[in-house]
Amino acid sequence: MALFNRDAQPAPEPSAAPTNRPRNTAVNPAEQHNIIGKDTVIEGTLRSSGNVHVSGTVNGNIEVQGRTVVMPDGRVDGEVNSTTAEIGGRVHGQVAVKERLVLKATAVVEGDIRTGKLVIEDGATFTGRCDMGGTGGGTGGARRPRPEGRPEGAEREAPGEAGEGRPTRRLGGSPDTAAVQG
């Protein structure tokens, strides 16, 4: 059906001068906006080279080379991998953002975060681990060495099964009062 065919063009009128201009069909990814509406449910992986706004539900992973926005009504049950992101809704899964992640006051994130920069507004809820300062898109759990000059006992392994391998940091006080309780 020629009505929906992009390449179909009407025959030029005999008196019209033909144009030899090429058609520019390329879309700049920064100008591409994908909107997942409030009552829309996506099952599976959502991939885009442009921006994605989620007001509905995504049951699967989101892989965006632009900006991901999860609106207050939006929900993602899966991983979010994006260049930048702003979360105002619910995300249940890991979040990896290369540049800047903003958790709005209405955000609820249940999962680990890896990002270059993190902004958390008052009221946002985050349950998980956070690794920031490096590139947010990578995976792996390489530990950073203890910084030079840190007082002895300021970092120790937490006892019990739940704290295995996780450091516990004592905040405040002087180095003399930062003794490890065992």
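The values are calculated or read from the model by the stated rules, or taken from the named source; none is laboratory data. From a predicted model like this one, the values you see are computed outputs, not experimental measurements. Backbone-built Cβ (ideal geometry, glycine too); neighbour counts: all protein chains shown. We work out accessible area using only protein heavy atoms, side chains counted, and drop any ligands, DNA or RNA first. Shrake-Rupley method; radii C 1.70, N 1.55, O 1.52, S 1.80 Å.
Of all the residues in the stretch 102-128, those that are of a type in the set (Lys, Arg) and surrounded by 17 or more Cβ atoms within 10 Å (Cβ to Cβ) number 2.
Taken over the stretch 43-68, the criterion of being in a strand (DSSP E or B), surrounded by fewer than 17 Cβ atoms within 10 Å (Cβ to Cβ) and of a type in the set (Val, Ile, Thr) is satisfied by no residue. Just to be sure before I move on: is Ile87 within 21 Å of Gly50 (Cα to Cα), among the β-branched types (Val, Ile, Thr), open to solvent by less than 10 Å² (accessible area, probe 1.4 Å) and within 9 Å of the chain's Cα centre (by Cα) in the structure I sent? The answer is yes for Ile87. Is there a residue in the stretch 11-33 that is surrounded by 12 or more Cβ atoms within 10 Å (Cβ to Cβ) and at pLDDT 80 or above? Yes, the stretch 11-33 has at least one match.
Residue under question is Glu99, and the condition is that it be over 20 Å from Thr40 (Cα atoms) and open to solvent by 10 Å² or more (accessible area, probe 1.4 Å); does it hold?
Values: over 20 Å from Thr40 (Cα atoms): yes; open to solvent by 10 Å² or more (accessible area, probe 1.4 Å): yes.
So Glu99 fits the description; yes.
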